[in-house]
1. Filtering the stretch 135-175 down to residues that are away from ligand 1 (no atom under 13 Å from the Cβ) and in a strand (DSSP E or B), which residue is farthest from the chain's Cα centre (by Cα)?
2. Taking the stretch 176-188 as the search range and keeping residues that are assigned to a helix (DSSP H, G or I) and open to solvent by less than 10 Å² (accessible area, probe 1.4 Å), which one is farthest from ligand 1 (Cβ to nearest atom)?
3. Any residue in the stretch 209-228 that is in contact with a His (Cβ under 9 Å, 6 or more places away or on another chain), open to solvent by less than 50 Å² (accessible area, probe 1.4 Å) and closer than 24 Å to ASP57 by Cβ?
4. Do we have LEU161 as closer than 14 Å to ALA213 by Cα and away from ligand 2 (no atom under 16 Å from the Cβ) here?
5. How many of the residues making up the stretch 11-59 are away from ligand 1 (no atom under 13 Å from the Cβ), on the phi < 0 side of the Ramachandran plot, not polar (S, T, N, Q) and not in a strand (DSSP E or B)?
6. Name the one entry in ALA198, ALA171, ALA236 that is of a type outside the set (Val, Ile, Thr) and over 23 Å from ILE7 (Cβ atoms).
7. Go through (1) touching a residue at least 60 places away in the same chain (Cβ under 8 Å); (2) more than 30 Å from ALA188 (Cα to Cα) one by one and return the number of the condition VAL132 breaks.
8. Within the stretch 10-50, track down each residue that is of a type in the set (A, V, I, L, M) and farther than 24 Å from THR160 by Cα.
Amino acid sequence: MLTISPIRALSDNYIWLIVRNTQGFVVDPGEPGPVLAALEAKEIQLSGILVTHHHFDHTGAVAALKTEAGCEVWGPPDSPAGPYDRTVTEGDTVSVLGVDFSVLNVPGHTLDHIAYYSSTEHALFCGDTLFVGGCGRVFEGTPPQMRGSLEKFRGLPPETLIFCAHEYTLANLRFARLVEPNNDALSAFLNACEAKRANDEPTVPSCISDELACNPFLRWDSPEIRETLAASGKLADDTPDGIFTAVREWKNSA
Ligand code: ZN
Ligand code: FE
C-alpha cells in the first residue's frame, strides 16, 4: 500500500509524492525546492522519478533531483526532455516501490504524453491529459487523438483516483456549467470543490466516476452538451470527435 500526497510547486502544479516506508518516488517534478523540502521533512529517500511529458513545469527539476538522489528516471521515448534512464510506452510496466503501474500512451496535449496506472492502488497519474473537470490543451496532437486518449481513461474502474498535475478545477467546472447547465451532479461537485478551495485544500485527486458525471471532455455523448453546442452554432460536426473538438475550442476561447 502506497501513500500518495501532493507537493505544491510553481503557481498551480502538483508534484505527486509516492511513499512506502522511507522510500519515495515523485511524478512530474517541475521545481526542485519543494520536493527536497518535502523529502527532508518526511525523512524520505528519493528512489525514482516518473515523467508524463516533456513540458518544463513537469521536468524542470529532473536533472537536479537525479544528481541529488542518484535515482533513476522513467519517461516516454522520443521526448524533447529526454532521453530518460528507462524509456516506457504502452504495454510496459513500472514497479514503483513494489507496486506495478502500467503505462498508457495518451497523445494529444503533447505527442510524447504517457500516463501511469495501478489497478491495485486505484491510481492514475495522468499529467496534463485529464484534469478535474477538464482536459489539457491540445498543443501537439489533434483533438480526435486527444479524445482517443481520454477514451482510455473512461474505461478505467470508476473508483480510480485521478492524480493530475494542476489545480485548474474551479475554472474547469465553471466552464463545464456553461456547457451543461442542467447537470445537477456537476453543480454539486462544483460546490464541494469550492468549499475545498476556500479552505486551501487540493481538489485533486478526484475519481473517474466524478469525471464521468461532470467533466464535459469525457461527456461527448451527453444530449445536453450536443444541444448547447447546436443552439450556439458551435456544432459543425455531430460526431463524438466533432463534439469533443467543439467543446475544446470553446474552452480555448472562454
Ligand atoms: Zn503540459
Ligand atoms: Fe503542465
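The values are calculated or read from the model by the stated rules, or taken from the named source; none is laboratory data. Everything quoted here is computed from the prediction, not taken from an experiment. So basically every Cβ, Gly included, is an ideal-geometry build from the backbone, and we count neighbours across all protein chains shown. Only protein heavy atoms, including side chains, enter the accessible area calculation; ligands, DNA and RNA are left aside. Shrake-Rupley method; radii C 1.70, N 1.55, O 1.52, S 1.80 Å.
1. Checking each candidate, the answer is LEU161.
2. Among those that are assigned to a helix (DSSP H, G or I) and open to solvent by less than 10 Å² (accessible area, probe 1.4 Å), it is LEU186.
3. No.
4. no
5. Total satisfying the criteria: 14.
6. Testing whether each residue is of a type outside the set (Val, Ile, Thr) and over 23 Å from ILE7 (Cβ atoms) leaves just ALA236.
7. (2)
8. Matches in the stretch 10-50: LEU10, VAL35, LEU36, ALA37, ALA38, LEU39, ALA41, ILE44, LEU46.
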